[in-house]
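I have placed the structure first, in the form of structure tokens, so that the comments after it can refer back to it.
The values are calculated or read from the model by the stated rules, or taken from the named source; none is laboratory data. Everything numeric in this text was worked out from a predicted model, so none of it was measured. Positions of Cβ are generated from backbone atoms using ideal geometry, with glycine treated the same way; all protein chains shown enter the neighbour counts. Just so you know, the surface numbers come from the protein's heavy atoms only, side chains and all, with ligands and any DNA or RNA stripped out. Shrake-Rupley method; radii C 1.70, N 1.55, O 1.52, S 1.80 Å.
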Amino acid sequence: MSLSRPRPRSGRRLAAVATAVVCALTTGTVLTAATPAVALVLAHGGGHDEAAVPADTAPHITAPRVLAEMRDDEVAALGPEHAEEHARMRAAVRGVGDYPQTTRTNRLKALTDSQTAANAGFDPATFGAFKAYFPSPDFGDHIALLPTGKVLLFSFERIETNPEKEPAPTQTIGRENAGRAFLWDPAKGTGTAAFKQVTPPVVDMPDGLGQERPAPFFCAGHSYLPNGMLGVFGGNLGGNGGTGAKLSLIFDPWTETWTRNPDMSVGRWYPSVVTGADGRQLIMSGQSELGWGTPTPVVERFPAKGHPVPHLKTETPRNTPVDRFKADAPFTLDYPHLFSLNDGNIYGFGRQAAEQWKFDPVNETRSDLTARPDGRKRNYGSAVMLPGGVNGPDSALVLGGDRDNPSTLRFSKGSWTAEKSRAFGRTQDDTILLPDGKLMTVNGAYDIRDYGNGPYNPNADLKYRQVELRDDQGNWKLGPVQRLPRGYHSNAVVLPDGRVMVTGDELQQIANNPDIDGTVSGIPGTTGPVTMNGTIEIYEPAYLHQADRPSLDRGPTSPVGYDKKFLVTTSTPERAAKAVLLAPTTATHSVNTSQRQIELRLSSRAGNRLEFQAPPDAKAAPPGWYMLFLLNDKGVPSVAQWVQLGSPA
């Protein structure tokens, strides 16, 4: 999650050294850049599937400050891209001025106005609609929907308020390199009383300074345990371009507290974590405690064998170690996509085309998968398991992460096939699985800290603010635009009421903060004033504008065993066509290993009582907490109820 993370270009070593690399704002404003696209939106109207924003990728724009530092001899000797990295370093050395509050205020107004104009032509019943936008005390670079219905947001204490500079303490050791975490309770609305601070454990990191601070767990990986608790592994030790921490933490949603477990054997900065059919978590990849350029191949497992997998709310893992998985995972780039498909194996889709592997959790082996046929590196971009009916997902869609390539590729039963492409290439995007089985892409950018107008320039091409929606036939269509552009460290999550929460990207939140130095008081869990670092935006999918919801009056209140039948009552049986389980989201850096949708078998129907049958086994749906939705025949969902699937037996 390090904002100063080296850019994935030929000059990345230079970029890693220049951690404060900044570029001046390009000429022009958000409104002038957006005006042609807004006009096109209004011309098309809301009833068409055509792209409302031009689909061609805008040319990369280099900031004038950097252009002034370009040297012909370096271009000839190194090539334009590498020469630009040298020029960027020289521009950074010359420094930049402050970023005035008036610019932040004007930017937010411009974005608000352009969103209103662009979305006027989109019919909510066809495209959905963005509704609420409100401040948050956290950037939301990491996110997790908890089985209490609350959302855990965590990130870091900012060290910079100028969006032309690096806000995160990636290169910082000592007290300033600290984590932070908050809960948002949607049931309490959008004001400060809806948030609660849940500070991570205070630690003394092994940096030689002896300065305790809340654990710097940003850039960690995470997934759920069967009892609904969140395991968080890794983080930022500080320095050397991004140095991995060995942290192993648990967040307990039932008591809303953190627990620190014994450290991992290796540091991990940018690792991925996935929960398998046995309920244990596999932890892979990440830069080691030696710093950037040292990705670890070591795979670790939590809880270690010999330690029980927690299923009950009261079973908080304490003094629980990881152990080493027998097979290695030699990913050379961080944050691979990891999925537990319905054969019980873990599939690792690396960012390099050739780094695609299958892991057998029982035999602890690794085997090769067919290389991704595009042959291209995909940077941070989304991937998602596709619905597979009552037997769970047997395939995954890999998309995003390539700014020049809009293609999507489906992996199923050992081979790759091309699916219908999105409108344009984007990185840093988030693709989420909705209750009706459709997909939605939100957020995205041209590159890390680049929204189409050069690095560390927050002005964004309007198209990166536009969502894309995928139907049951795999067709994509562009939809409304969100308020803020959100790229690096953006997130999205489906809430139990079917709405979508969008947050993340601290650079954009800093650049558009209407009161960057303002604080609020009264947030539970705090001991003093809190800076409202972040923002949250709420999107209502089209199904919330199409018809009345089914009503889910009562679902099971005790754990449901695999293949077992259970009763659901509804006061609107005529609207209840089917039921699905939707796993909650925990995500960061466009990596979401948890979301999955499973259709439930309808066994019988009698009046307001419906009998469903649970998924056949843990391979179809790993043990844990799921949202249970009733859907009508058009896919309109009820408000979900939480159900725990699986038991210690």
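So here's what we get for this one:
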| quantity | calculated |
| --- | --- |
| For the range 399-498, the Rg and Dmax computed from alpha carbons only, in angstrom | 13.8, 43 |
| Descending Cα extents along the principal axes, the range 85-208, whole Å | 56, 42, 26 |
| Highest to lowest packing among 401-407, 220-226, scored as the average C-beta count within 10 Å | 220-226, 401-407 |
| Built amide H within the under 5 Å cut-off of His142, gap 5+ | Phe154 |
| Span-like helix ranges in the chain, DSSP H, alpha carbon extent 20 angstrom or more, Kyte mean at least 0.0 | 30-44 |
| Only Lys, Arg (+1) and Asp, Glu (-1) charged, at Cβ; the chain dipole about Cα centre in debye | 720 debye |
| Rg in Å to one decimal, and Dmax rounded to a whole Å, for the range 470-515 via C-alpha atoms | 13.6, 45 |
| Sequence of Lys634, Lys305, Lys150 when ordered by accessible area, the most exposed leading, probe 1.4 angstrom | Lys634, Lys305, Lys150 |
| By average C-beta atoms within 10 angstrom, highest first, the peptides 164-173, 523-532, 261-270 | 164-173, 261-270, 523-532 |
| Cross-link pairs beyond the 20 Å C-alpha cut-off, checked among Lys246/Lys619; Lys109/Lys165; Lys131/Lys188; Lys165/Lys196; Lys358/Lys619; Lys413/Lys564 | Lys246/Lys619; Lys109/Lys165; Lys165/Lys196; Lys413/Lys564 |
| Charge sum, other residues only, whose C-beta stays under 13 Å from Gln546's C-beta, Lys/Arg counted +1 and Asp/Glu -1 | -1 |
| Most to least packed among 474-481, 463-470 [average Cβ atoms within 10 Å] | 463-470, 474-481 |
| Distant-in-sequence amide H partners of Leu386 (H built 1.01 Å from N, under 5 Å) | Ser395, Ala396, Leu397 |
| Cα-derived Rg to Rh of the chain, Kirkwood definition | 0.95 |
| Three-way shape label, the range 235-390, alpha-carbon gyration tensor, a/c 1.5 | oblate |
| Per-residue ³J(HN,Hα) for the range 599-616, Karplus 6.51 cos²θ - 1.76 cosθ + 1.60, θ = phi - 60°, Hz, x for Gly and Pro | 7, 9, 6, 8, 8, 7, 9, 8, x, 8, 10, 10, 10, 10, 10, 5, x, x |
| Estimated vicinal HN-Hα couplings, Hz - the range 180-186 in sequence order (Karplus 6.51, -1.76, 1.60; Gly, Pro = x) | 8, 8, 9, 9, 10, 9, x |
| Among Leu581, Thr519, Gly607 - extreme Cα towards positive end, dipole of the range 514-630, charges at beta-carbon | Gly607 |
| Placed amide H near Ala129: partners under 5 Å, 5+ positions off or other chain | Glu540 |
| Cα Rg over Rh - the range 443-558, Kirkwood | 1.06 |
| For the chain: relative contact order, % (alpha-carbon pairs under 8 angstrom, 6 or more apart) | 15 percent |
| For the range 586-649: rounded, prolate or oblate by the Cα gyration tensor [a/c cutoff 1.5] | oblate |
| In order through the range 127-141: 3J(HN,Hα) via Karplus (6.51 cos²θ - 1.76 cosθ + 1.60), integer Hz, x for Gly, Pro | 10, x, 7, 7, 10, 8, 8, 8, x, 9, x, 9, 5, x, 5 |
| Global form of the range 195-325, assessed from the alpha-carbon gyration tensor, a/c cut-off 1.5 | oblate |
